[in-house]
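Bear in mind that the values in this text are calculations on the coordinates, not laboratory data. Keep in mind the model is a prediction, meaning the values are calculated, not measured. Ideal geometry is used to build each Cβ from the backbone, glycine not excepted, and the neighbour counts take in all protein chains shown.
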Amino acid sequence: MLRAFFIFLLSLLILPFDLATFSNKKSIASSIILLPKKRPTIINKYDYSVETINDLILKEGGKTIGKTFKQKIRKNENLSLFLKRVGFTSNHINSIILKVKTNHPTNNILRNIPTNHLIQYAVPKHNLGLGIKFKISKYKDLYVWQNHLNEVKTKITKRPFKKVEIVSKIEIIDNLYNSAIRSKLPKEIFSQLIKILGFSIDFQRELRRGDVFETLYSKKIDLITNEVIESNPIHYISANLKDNHLKFYRYINRSGKSDFYDQDGKSSKKTLMKTPLNGARLSSGYGNRKHPILGFTKMHRGVDFAAPRGTPVFAAGDGIIEYSGWNGAYGKYIRIKHNGIYKTAYAHLSKIYKKRGVRIKQGEIIGTLGSTGRSTGPHLHYEILIGGRQVNPLKIRVPSGKHIPKDELNSFYKQQKIIDKTIIALRKKMKNKEFAYLEN
Ligand SMILES: [Zn+2]
């Protein structure tokens, strides 16, 4: 009985992939395994990396090496200059470079090794052979060593990594940025979240203490260094604000493009953005009243975003620049005509990048935030105009972007279900913590 149990446990460890196929229960493993995967790349034909050159020589056979050192590539240095500097002879350098080039002709390994890139090496001496190892990409290493006939050998290996799915919760305590840092959300995930939600949320005015954001994303972790290789992609985002409840799912459409859609398959992108600048840079989120966070009134027919001077300002939607230049109390000012109905205006800019008459795309940088004209401090004054009249951006319903085509909806709903299952499983693990993860 006990033995059977251990075999079962063992099979869980060895066969997590098979578990998904024979178990119909909502097991954690099955919901995770089903998450959309990237196509396998050519990297799969390589052996795994080991920790040191010595380990590789032990594995592959070759001349014993002496003490290994680590040094960084200097500015304007290529591999042969590096090897010369650390004491390799010209003969050795030539045969190393030649071997690497002929053995790995499709990898431009020796071109543009970035400055400060770390190289592990052992200089050949007396009866001791040479050794070189360095990372040639996030996922690959290159090894160079000698066999017992003194011939130079090279090998590219793939670094072993594990994939982890993480649910992370951000609860607004002071402002969004600090709250995101507290929840240990990686920077790249945070900036993607801001971009996706910037269409639907006014990050300056809509956030309150207690509002909750939730994300599901993947992380790849290098098993040799234990470092995070990358945090990507986001699979899901939700925002639970007082009057605004949003959920977006990542979906890769038939042509291979990934985008975010709500539960019904409507794009997260709207014709106009509610926050037309990098929302992460807003200096006065919830709880800070020092900055001019004016709302929309008869006297003040726009909304203000307080952020550091120089923060890039985005075009809120596709359109044509209708006004570009000084405009009285507005200071440096840009107005964009989006279509027959909508226009947007941006005031108090410090720099203007686009001239009148220029056609621009949504999200393009049109200028930088400043304090020109009648202004008490750096902020963006943003107006949405309908039929030439300023309207309150918080009150209007901006038309949404594209919808998933009908014949693709079923596959979208399937993906949505898988993501929901994963989140539910992870929430159970989370309890009172701010994040939980599952290894994959
Ligand atoms: Zn204003």
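At R0 = 45 Å, how high is the FRET efficiency between Thr68 and Ile365 if r is their beta carbon distance? Nearest 0.05 is fine.
Efficiency, from the Cβ-Cβ distance: 0.45.
Could you tell me what a quarter of the Cα convex hull surface of the range 120-206 works out to, in nm² with one decimal place?
On the way: hull surface 37.6 nm².
That works out to 9.4 nm².
Given a Förster distance of 41 angstrom, what is the FRET efficiency for Ile424 paired with Ser137, based on the Cβ-Cβ distance and rounded to 0.05?
Approximately 0.70, to the nearest 0.05.
Starting from the exponent 0.38 and prefactor 2.2 Å, build the expected Rg for the range 49-158 from its residue count and divide its actual Cα Rg by it.
0.97
What does the highest-first list of 390-401, 191-202 look like by mean Cβ count within 10 Å?
For the peptides 390-401, 191-202, the packing ranking is 191-202, 390-401.
Taking the Cβ-Cβ separation of Leu110 and Ile396 as r and a Förster radius of 51 Å, what is the calculated FRET efficiency to the nearest 0.05?
Given R0 = 51 Å and the Cβ-Cβ separation, E is 0.35.
Roughly what would the spin-label model give for Tyr46 and Tyr413, points 7 Å off Cα along C-beta, in nm?
Between Tyr46 and Tyr413, the label points sit 4.3 nm apart.
Any idea how far apart Lys406 and Asn76 come out in nm if each label point goes 7 Å out from Cα toward Cβ?
6.5
Compute the acute angle (0 to 90°) between the alpha-carbon long axis of helix 187-197 and the principal axis of greatest extent of the alpha-carbon atoms of the chain; round to the nearest 10°.
In the chain, helix 187-197 runs at an angle near 30 degrees to the longest axis.
Given the pairs Lys158/Lys184; Lys45/Lys162; Lys84/Lys162, which are separated by over 25 angstrom at their Cα positions?
Table pairs above 25 Å Cα-Cα are Lys158/Lys184; Lys84/Lys162.
If the cut-off is 16 Å between C-alpha atoms, which lysines fall inside it for Lys406, apart from same-chain ones fewer than 8 positions away?
Within the straight-line limit of under 16 Å, Lys406 reaches these lysines: Lys266, Lys414.
Under a Cβ-only charge scheme (Lys and Arg +1, Asp and Glu -1), can you give me the dipole magnitude of the chain about the Cα centre, in debye to the nearest 20?
600
Using modelled amide H (1.01 Å from N, peptide plane; none on Pro or chain starts), what sits under 5 Å from the amide H of Lys351, excluding residues fewer than 5 places away?
Thr368
Specify which residue in the list Val228, Leu246, Tyr346 is farthest towards the positive end of the charge dipole of the chain, using unit charges on the beta carbon of Lys, Arg (+1) and Asp, Glu (-1), about the Cα centre.
Farthest towards the positive pole: Tyr346.
Using per-residue counts of other Cβ atoms within 10 Å, averaged over each peptide, order 310-318, 227-235 from highest down.
Most protected by this proxy first, the peptides run 310-318, 227-235.
Quick check: the distance between the Cα centres of the range 162-191 and the range 360-378, to the nearest angstrom?
Cα centroid of the range 162-191 versus Cα centroid of the range 360-378: 28 Å apart.
In vacuo Debye scattering of the range 310-440, one point per C-alpha: log10 I(q)/I(0) at q = 0.22 Å⁻¹?
Rounded to two decimals, the profile gives -1.21.
I'd like to know which of Ile404, Thr68, His117 lies farthest towards the positive end of the charge dipole of the chain, counting +1 on Cβ of Lys and Arg and -1 on Cβ of Asp and Glu.
Towards the positive end, the residue furthest out is His117.
What's the ranking of 159-166, 54-61 by average number of surrounding C-beta atoms within 10 Å, highest first?
Result, highest mean first: 159-166, 54-61.
Taking the radius of gyration and the Kirkwood hydrodynamic radius from Cα positions alone, what is the Rg/Rh ratio for the chain, to two decimal places?
Taking Rg over the Kirkwood Rh, I get 1.07.
At q = 0.13 Å⁻¹, what base-10 log of I(q)/I(0) does the Debye formula yield for the range 232-389 when every alpha carbon is treated as an equal point scatterer in vacuo?
-0.68
Per 0.36 nm of contour for each residue apart, how much would the distance between Lys99 and Val212 grow if the chain were fully extended, relative to their Cα-Cα spacing?
Gain in length upon complete extension: 35.1 nm.
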